[in-house]
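Student: One structure is given below, represented as structure tokens, and several questions about it will come after.
The values are calculated or read from the model by the stated rules, or taken from the named source; none is laboratory data. Quick caveat, the model's predicted, so the values are computed rather than measured. Positions of Cβ are backbone-derived with ideal geometry, glycine not excepted, and every protein chain shown enters the neighbour counts.
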Amino acid sequence: MARIGVFVCHCGLNIAGTVDVKRVVAEVGKLPDVAHAEDYIFMCSDPGQLMVQARIREMGLQGLVMANCSPTLHEKTFRRAAEVAGLNPYLVEVANIREAAAWPHQKQPEEATRKAIAIIASTVEKVKQNISLHTIKVPVTKSVMVIGGGVAGIQAALDCADAGLQVHLVERRSSIGGVMASLSETFPTLDCPQCILTPKMTQAGKHDRIRIHAYSEVEEVTGFVGNFKAKVRHKATYIDWKKCTGCGVCMTVCPTKKIPSEYDSGMADRTAAYIPFPQAVPNRAVIDAEHCLYLTKGKCGICAKKCPAGAIHYQDNASVEELEVGAIIAATGLEVMGTEEFGEYGAGSIPDVVTGLQFERLLAPSGPTKGKVLRPSDGKEPKEVAFLQCIGSRDPENYNAYCSKVCCMYTGKQAMLYKHAVHDGQAYVFYIDIRSDGKGYEEFIQRAMEEERVLYLRGKVSKVFQDGDRVVVWAVDTLTQRWVELRVDMVVLATASRPSKGVKELAQKLRIATDEHGWLKEAHLKLQPVETLTAGIYIAGAAQFVKDITDTVAQASGAAAKAIALLSKDFLERAPLIACVDQDLCVGCGNCERFCAYGAIAVDPVTGKAAVNEGLCEGCGGCAAHCPSGAATLTNYGKKQVFDMITALLSEGAVQG
């Protein structure tokens, strides 16, 4: 006969303010196999834990039910406390009577109390049938794959490499740097992004423990925490990077010169053979196979003739490489919506209506106009520019419900830089609300208003259209309740940010979740913001959601710290709450294999029986739910156990006390 101890926490007034804790203790103390029941104001405190440990020793308790808050918060706390007192940690279960009873029934104390008793009774039944378990040890590969070469990926790679780990930095473009490399200046300090980013790019390129896989994409990921295998496809460059010196001769002689530049957001053209920007890392050229005359028509070939290094060979040198890594950090960044997606603002047909990212390139000294603000339509200097915020953001009926977070700040910055470039110009900003919630951010916006005389108008623009050589803006100023019509030279749209192209497919390969908008989903928004539900895979920067540079770098270092901690030992210890298969009952139907979200169970072709990979299994129970023979079960969640829990939960005696 088991000796179960039940400990009920007041959680201050979070539980005791609604639930009659003394009555709960009295009632659960009458349950079969409950040897002791006791309450305390804060069980998670040191005195509370010491009390629990003392009762385990004094009364010879063989299992514990901790009735308190969510197991997400304190399950580990009480399992560690029990282990110190000599009790196997997997004979401890949490009965969540705060989120499941006290909080939902704050105005119904009787219902809350009865429900708390029922939850505890059900958990007692579970503990009675739990078995002692021991952690699983998994050997690790001490290397990390970072996916995405923006500032988040670079920071995470540098942190991991400086900690002694081998890093594989995978970037789909031909250079690392990401969106930050294309900016003009950064708010609120107006730093040159190249001045603060390029040193990190160079450091990553020359680090002896970082290998950059530029112009590459992840094709497949298998394995489990500490032992992932990733297939990386190196796309065809048609240039031997071992020979290429980045001299740029191929760019100079290439006759195909009218290809919109991705780096310049289409505001300038590039050649078919190109290096994306002067500070590129690696500084190596690639040939665009879709536009190269030799590769498409068999004509030209002048770049191969002129290349002093003999690096151009026109051969498809694509390859697939398999990497073995212990952890993965996804830092895939973001992209912005284009003007063509907004019919009310010209649907991309008005040349002087541009996105914020395109305007960045006009402001940048390295941009197509060398920092001079000139209209795309005629190359003239615009004397009046309207900046429109929340385009595609905060608009659940038509586009995205979320706020893109950085638009208020970069719009203020762009308006300020426009005034620096065009001293007699006038900037108008149409906004819904100004969200300047970072250090120095509010002061920055005030500076734009007061020192640069940027005119802020509260109201969303309803329509933008061309009229002669001017662009007409229709809006309502919601503060004055007046109709506004402006005839300006340019319109800049702060379009919504969204996840990078292909991130959903990547998430499927990594077996991690995305939210309803496509951003990579964290394990817990507050407590595990860089972890995912797949052990060993972390997320950083704007891959999770839109962030400014400050928050992006901070989260990248956080993700790196998690990977470093994970791989700091020769073996990983994993919780043993995983699936198991009774080989005598298994008929090899393969249902478990088909329904496993983690690829952790498979039918052995030799034995014809299913087997569980302990390193991959996350203990979700999907295999057990779909097994027709009952061979697959979840450890400490046996069918009899679950039915006994349900019976106890629905028991009239338990519910009514």
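Student: Looking at the structure I just gave you, is V587 touching a residue at least 24 places away in the same chain (Cβ under 8 Å), at negative phi and not assigned by TED's automatic domain parsing to the domain that holds G178?
Tutor: Against the criterion (touching a residue at least 24 places away in the same chain (Cβ under 8 Å), at negative phi and not assigned by TED's automatic domain parsing to the domain that holds G178), V587 qualifies.
Student: Hey, does region 593-601 have a residue that's farther than 20 Å from L577 by Cβ and either among the hydroxyl-bearing types (S, T, Y) or touching a Pro at 6+ places or on another chain (Cβ under 6 Å) (or both)?
Tutor: The answer is no; no qualifying residue exists.
Student: Filter region 432-459 down to the residues that are of a type in the set (G, A, S) and over 26 Å from A347 (Cβ atoms), then identify the one that is surrounded by the most Cβ atoms within 10 Å (Cβ to Cβ).
Tutor: Here is the first cut: in region 432-459, the ones of a type in the set (G, A, S) are 436, 438, 440, 448, 459.
Applying the additional criterion that residues be over 26 Å from A347 (Cβ atoms) yields 436, 438, 440, 448.
On the way: S436: 17, G438: 16, G440: 12, A448: 23.
Within region 432-459, the match that is surrounded by the most Cβ atoms within 10 Å (Cβ to Cβ) is A448.
Student: Let me ask something additional. Assuming P47 fulfils every condition listed in (1) part of a helix (DSSP H, G or I); (2) surrounded by 14 or more Cβ atoms within 10 Å (Cβ to Cβ); (3) touching a Phe, Trp or Tyr at 6+ places or on another chain (Cβ under 9 Å) apart from one, which condition is it?
Tutor: (2)
Student: How many of the residues in region 557-571 are assigned to a helix (DSSP H, G or I) and closer than 24 Å to N227 by Cβ?
Tutor: 9
Student: Still on this structure, I have one more. Is there a residue being touching a helix residue (DSSP H, G or I) at 6+ places or on another chain (Cβ under 8 Å), crowded, with 16+ Cβ neighbours inside 10 Å, modelled with pLDDT under 95 and not assigned by TED's automatic domain parsing to the domain that holds D437 anywhere in region 557-566?
Tutor: No, every residue in region 557-566 fails to be touching a helix residue (DSSP H, G or I) at 6+ places or on another chain (Cβ under 8 Å), crowded, with 16+ Cβ neighbours inside 10 Å, modelled with pLDDT under 95 and not assigned by TED's automatic domain parsing to the domain that holds D437.
Student: Could you tell me which numbered condition S462 fails, if it satisfies all but one of (1) in a strand (DSSP E or B); (2) crowded, with 18+ Cβ neighbours inside 10 Å; (3) among the hydroxyl-bearing types (S, T, Y)?
Tutor: The failed condition is (2).
Student: Take the conditions touching a strand residue (DSSP E or B) at 6+ places or on another chain (Cβ under 7 Å), farther than 25 Å from A152 by Cα, surrounded by fewer than 22 Cβ atoms within 10 Å (Cβ to Cβ) and aliphatic (A, V, I, L, M) and apply them to I239. Does it pass?
Tutor: Taking the combined requirement at face value, the residue does not satisfy it.
Student: Can you name the number of the only condition in (1) in the same structural domain as G615 (by TED's automatic domain parsing); (2) of a type in the set (K, R); (3) within 30 Å of Q166 (Cβ to Cβ) that R594 fails?
Tutor: (3)
Student: Just checking, how many residues over region 70-96 are part of a loop (DSSP other than H, G, I, E, B) and within 20 Å of Q641 (Cβ to Cβ)? Working first, answer last.
Tutor: Restricting attention to region 70-96, the residues satisfying the condition of being part of a loop (DSSP other than H, G, I, E, B) are 70, 85-88.
When the remaining residues are screened for being within 20 Å of Q641 (Cβ to Cβ), the result is 87-88.
So the answer is 2.
Student: Here is a follow-up. Would you check which residues across region 69-92 are within 16 Å of I4 (Cα to Cα) and in contact with a strand residue (DSSP E or B) (Cβ under 8 Å, 6 or more places away or on another chain) and list them?
Tutor: Within region 69-92, F78, R79, A82, L87, L91, V92 qualify.
Student: Looking only at region 458-483, how many residues end up being over 13 Å from E384 (Cβ atoms) and either outside the structural domain of D433 (by TED's automatic domain parsing) or touching a residue at least 24 places away in the same chain (Cβ under 8 Å) (or both)? Lay out the reasoning, then the answer.
Tutor: Within region 458-483, the subset over 13 Å from E384 (Cβ atoms) is 458-468, 474-483.
Checking the rest, the ones that are also either outside the structural domain of D433 (by TED's automatic domain parsing) or touching a residue at least 24 places away in the same chain (Cβ under 8 Å) (or both) come to 458-466, 475.
Count: 10.
Student: Sticking with this one: Checking the structure you have, find out if any residue of region 631-654 is within 24 Å of the chain's Cα centre (by Cα) and more than 30 Å from C403 (Cα to Cα).
Tutor: There is no residue in region 631-654 that is within 24 Å of the chain's Cα centre (by Cα) and more than 30 Å from C403 (Cα to Cα).
Student: Now for a separate question. Scan R57, R79 and give me the residue that is closer than 25 Å to H134 by Cβ, modelled with pLDDT of 95 or more and either surrounded by fewer than 15 Cβ atoms within 10 Å (Cβ to Cβ) or of a type in the set (D, E) (or both). Steps first, please.
Tutor: Working: R79 fails: either surrounded by fewer than 15 Cβ atoms within 10 Å (Cβ to Cβ) or of a type in the set (D, E) (or both).
Within the list R57, R79, the selection yields R57.
Student: Restricting to region 581-602, what's the tally of residues that are within 25 Å of V221 (Cβ to Cβ), among the hydrophobic types (A, V, I, L, M, F, W, C) and surrounded by fewer than 20 Cβ atoms within 10 Å (Cβ to Cβ)?
Tutor: Adding up the residues that qualify gives 3.
Student: Has region 445-456 got any residue that is closer than 28 Å to G343 by Cβ and among the polar types (S, T, N, Q)?
Tutor: no
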